[in-house]
1. Calculate the spin-label point distance for residue 83 paired with residue 99, positioning each point 7 Å from the Cα along the beta-carbon direction, and give it in nanometres.
2. Just add up the charged neighbours of residue 123: K/R +1, D/E -1, any other residue whose Cβ is under 12 Å from the Cβ of residue 123.
3. Shape verdict for the stretch 17-96, please, from the Cα gyration tensor: rounded (a/c under 1.5), prolate (a/b greater than b/c) or oblate.
4. Accessible surface of residue 12 in the full protein assembly, 1.4 angstrom probe, to the nearest 10 Å²?
5. So what's the angle, to the nearest 10 degrees on a 0 to 90 scale, between helix 95-106 and the longest Cα principal axis of the chain?
6. If you count only protein heavy atoms and use a 1.4 Å probe, how large is the accessible surface of residue 108, to the nearest 10 Å²?
7. If you keep only loop residues by DSSP, which chymotrypsin sites (Phe, Trp or Tyr not before Pro) in the stretch 4-57 have at most 10 other Cβ atoms within 10 Å of their Cβ?
8. Tell me, which longest segment in the chain has none of the trypsin sites (Lys or Arg not before Pro) that fall in DSSP loops with at most 16 further Cβ atoms within 10 Å?
Amino acid sequence: MSLPHAILTALLEKPSSGLELTRRFDRSIGYFWSATHQQIYRELGKLEAEGHIRALPAEQPARGQKKSYEVLPTGRAELARWTAASQDPKPHRDTMLLRLRASAVVGTEGIETDLRRHLALHQQQLTEYEEIEARDFQPVRDTAQDRLRHLVLRAGIDLETFWTQWLTHALSEFARLPDETT
């Protein structure tokens, strides 16, 4: 049920059209909660039907004009209720870890190459997050909203740092594997 809440969050930050929302998801929220454009548009329809958002009146009536949405008080209340509710952490599921475990029984052919590819992707994502941090959070902003947004970004930085360190370690282990596992 988190996608509707991600959309409510984005709309409370800035009323937007569906297209603007999908672009914002691609640049921010999508880093940690991804959604396709179709999912976003479908959820906008549901949120509007539930009375959580409404389309803003158009400045000029025009056929095919994009709708911009804003959050209504019931939508804000739903987001506040969801934010305050307790949730258990979800178990981590990672295909790479499962593939690595499987390689212990079927052999390691191809997986080292993919580990290197994953390392490059995580390094690239880490660099992107660090650039966002340098651009958007230096010097340190001191509002509660900025501190909380920075915490989310720091989680991304810390996760990417973990993965780059772990993958580097995994690749060093591969260099030390006896020949019979390949």
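1. Each label point lies 7 Å from its Cα, and together they span 3.8 nm.
2. Numbers: positive: 116, 117; negative: 128, 130, 160.
After counting each charged neighbour, the total is -1.
3. On the way: a/c = 2.91, a/b = 1.50, b/c = 1.93.
It is oblate, given that a/c is not under 1.5 and a/b is not larger than b/c.
4. Rounded to the nearest 10, that gives 60 Å².
5. The angle comes out at about 20 degrees.
6. 10
7. On the way: sites: 25, 31, 32, 33, 41; in loops: 32, 33.
Nothing satisfies the criteria.
8. On the way: sites that count: 63, 66, 67, 93, 141, 176.
Result, exposed sites excluded: 1-62.
The values are calculated or read from the model by the stated rules, or taken from the named source; none is laboratory data. Bear in mind that the values here come from a model prediction, so they are computed numbers and not experimental data. When we count neighbours, we look across all protein chains shown, and the Cβ atoms used for this are built from the backbone with ideal geometry, even at glycine. In case anyone asks, the SASA skips ligands and DNA or RNA and just uses the protein heavy atoms, side chains included. Shrake-Rupley method; radii C 1.70, N 1.55, O 1.52, S 1.80 Å.
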